[in-house]
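Step one of this worksheet: look at the structure below.
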Amino acid sequence: MRAWILAARPKTLAAAIAPVAVGCALAYYFNTFQWVPALCCLLFAVAMQIAANLINDLYDFLKGSDGEDRLGPPRATAMGWITPDRMKIGILVVVALGCLFGSVLMFYVGWWLVGVGIFCVLFAYFYTSGPFPLAYNGLGDVAVVAFFGLVAVGFTAYVQILSWPVALTLAGIATGLAVNVLLVLNNYRDVENDAKSGKRTVVVLLGKRFGLYLYLCSGLAAVLLTGVANCVLGLPLYMFLLMVPYLFLHAMTWNKIRKIDQPAQLNALIGETSRNMLLFAVLLSAMLVLSR
C-alpha cells in the first residue's frame, strides 16, 4: 500500500484540485454552482492525475529516465516495489474509476462529453508514453497549461454554467500557468539527467537559465491574466489586490531556487511551489466568490 501511495504522488494532487476549485468558483460567480457535477469533476480530475502519475512512474522506468542517479523522490517501479505488469493493472483500475465518476456528467451536458473524457485519458497516456510522448519532446509545458488550465477549469465551469464566457478562458490559462510552475521546477532540477536519457524538456532545449526565468515569468503571467479576467468581468479593482500574497511568495521561492547550486536541494522547494499553486487557486476563487 505504501508503494501505491508513493506512486500516486499525493503531493501532486494539488495540481488536479486547484483548477477544479477555480472552475467551481466561476460557476458560483455566474450563480450556477451545483454540488454533484462539481464533485464528479473533482473525482475525475484526481483520478486522471493519479493515472498520469502511475503511467509516468512506469514509462520513465521503461525509458531509463528513472535510473540510480535520479534526483527526485524514489519511484515505485524503478525501485522494484511494484512490477510493470501490476502497474499496468493499477493504471487500468484508476482510469476506469475516473471514467465512472466522469460519466455522471453526461446527465448534465450530453453524450458528447464522452469525447472530452477520452481526450483526457489519451493525454494521461501520451504525456510520457506512446510514439511521441509530449514530456519527452518539449511539449510538456504546453500540455500542462492546456489540460490543467483550459480543460480542467473550463469544463468544470462549463458543465455547470452551460456556456463558455471569455473570462473562463482567461482564468483557465492563468491557472494552467500557475500549475505549470511545478513542472518547470522538476525539469529545472532534472535538466542534466533528462539530457542524458533523451528527455527533451523545454529546459533541456533552451537551458537552465531559461528554465529559471520561465519559473518566475509563469507565475507573473498567471497573475497578469487574472487581472485581465478581472477587467473583463468588471470586478472591483481592489479585488485584484488579493493576488499580492501569491506574487510575494512566488518571488520568494524563485529567489531561493536562484541561489541553489546542488539540484537535489531543489526537492525542498517542491512543497513550497505546490503551496504557492494552491494559494493562487484559493485567491482567484476568493476573488470570484466575493465579487458575486
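Which one of these does Val116 not meet: (1) touching a Phe, Trp or Tyr at 6+ places or on another chain (Cβ under 8 Å); (2) modelled with pLDDT under 95; (3) surrounded by 24 or more Cβ atoms within 10 Å (Cβ to Cβ)?
Evaluating Val116 over (1) touching a Phe, Trp or Tyr at 6+ places or on another chain (Cβ under 8 Å); (2) modelled with pLDDT under 95; (3) surrounded by 24 or more Cβ atoms within 10 Å (Cβ to Cβ) leaves (3) as the failure.
What is the residue count in the stretch 202-240 for residues that are closer than 16 Å to Ile257 by Cβ and polar (S, T, N, Q)?
Here the count works out to 1.
Report yes if Asn230 is over 28 Å from Asn186 (Cα atoms), of a type outside the set (A, V, I, L, M) and crowded, with 18+ Cβ neighbours inside 10 Å, otherwise no.
Details: over 28 Å from Asn186 (Cα atoms): yes; of a type outside the set (A, V, I, L, M): yes; crowded, with 18+ Cβ neighbours inside 10 Å: yes.
Answer is yes for this residue.
Does Phe33 meet the test of being hydrophobic (A, V, I, L, M, F, W, C), within 19 Å of Phe107 (Cα to Cα) and buried (at least 24 other Cβ atoms within 10 Å of the Cβ)?
no
Gly102 fails exactly one of the following numbered conditions: (1) crowded, with 18+ Cβ neighbours inside 10 Å; (2) in contact with a Ser or Thr (Cβ under 7 Å, 6 or more places away or on another chain); (3) of a type outside the set (A, V, I, L, M, F, W, C). What is the number of that condition?
Going through the list (1) crowded, with 18+ Cβ neighbours inside 10 Å; (2) in contact with a Ser or Thr (Cβ under 7 Å, 6 or more places away or on another chain); (3) of a type outside the set (A, V, I, L, M, F, W, C), Gly102 breaks only (2).
Given the residues Leu224, Leu235, which is the only one that is modelled with pLDDT under 90, surrounded by 12 or more Cβ atoms within 10 Å (Cβ to Cβ) and more than 15 Å from Val184 (Cα to Cα)?
Values: Leu224 fails: modelled with pLDDT under 90.
After ruling out the rest, the residue left standing is Leu235.
Taking the condition under 16 Å from Leu42 (Cα atoms), touching a residue at least 24 places away in the same chain (Cβ under 8 Å) and of a type in the set (Phe, Trp, Tyr), does Tyr136 pass? Working first, answer last.
Working: under 16 Å from Leu42 (Cα atoms): no; touching a residue at least 24 places away in the same chain (Cβ under 8 Å): yes; of a type in the set (Phe, Trp, Tyr): yes.
For Tyr136, the condition - under 16 Å from Leu42 (Cα atoms), touching a residue at least 24 places away in the same chain (Cβ under 8 Å) and of a type in the set (Phe, Trp, Tyr) - is not met.
Among the listed residues Gly140, Gly117, Gly198, which satisfies the condition of being in contact with a helix residue (DSSP H, G or I) (Cβ under 8 Å, 6 or more places away or on another chain), of a type outside the set (S, T, N, Q) and at positive phi?
Exactly one residue qualifies, and that residue is Gly198.
So Ala124 ticks every box in (1) surrounded by fewer than 20 Cβ atoms within 10 Å (Cβ to Cβ); (2) within 25 Å of Val203 (Cα to Cα); (3) in contact (Cβ under 8 Å) with a residue 24 or more places away in the chain but one. Which box is left unticked?
(1)
Sort out which residues of the stretch 71-117 are closer than 19 Å to Ala135 by Cα and without any contact (Cβ under 8 Å) to a residue 24 or more places away in the chain, and write them in order of number.
Selection gives Ala78 alone.
Out of the residues in the stretch 192-201 that are under 11 Å from Asn137 (Cβ atoms) and buried (at least 19 other Cβ atoms within 10 Å of the Cβ), state the one that is farthest from the chain's Cα centre (by Cα).
Lys199
For the stretch 250-265, name all the residues that are buried (at least 16 other Cβ atoms within 10 Å of the Cβ) and more than 19 Å from the chain's Cα centre (by Cα).
Within the stretch 250-265, Ile257, Pro263 qualify.
So for the stretch 54-69 (the condition being closer than 29 Å to Leu214 by Cα and aromatic (Phe, Trp, Tyr)), does at least one residue qualify?
yes
The values are calculated or read from the model by the stated rules, or taken from the named source; none is laboratory data. Just so you know, these numbers come straight off a predicted model, no measurement behind them. Neighbour counts run over all protein chains shown; Cβ positions are idealised from the backbone, glycine included.
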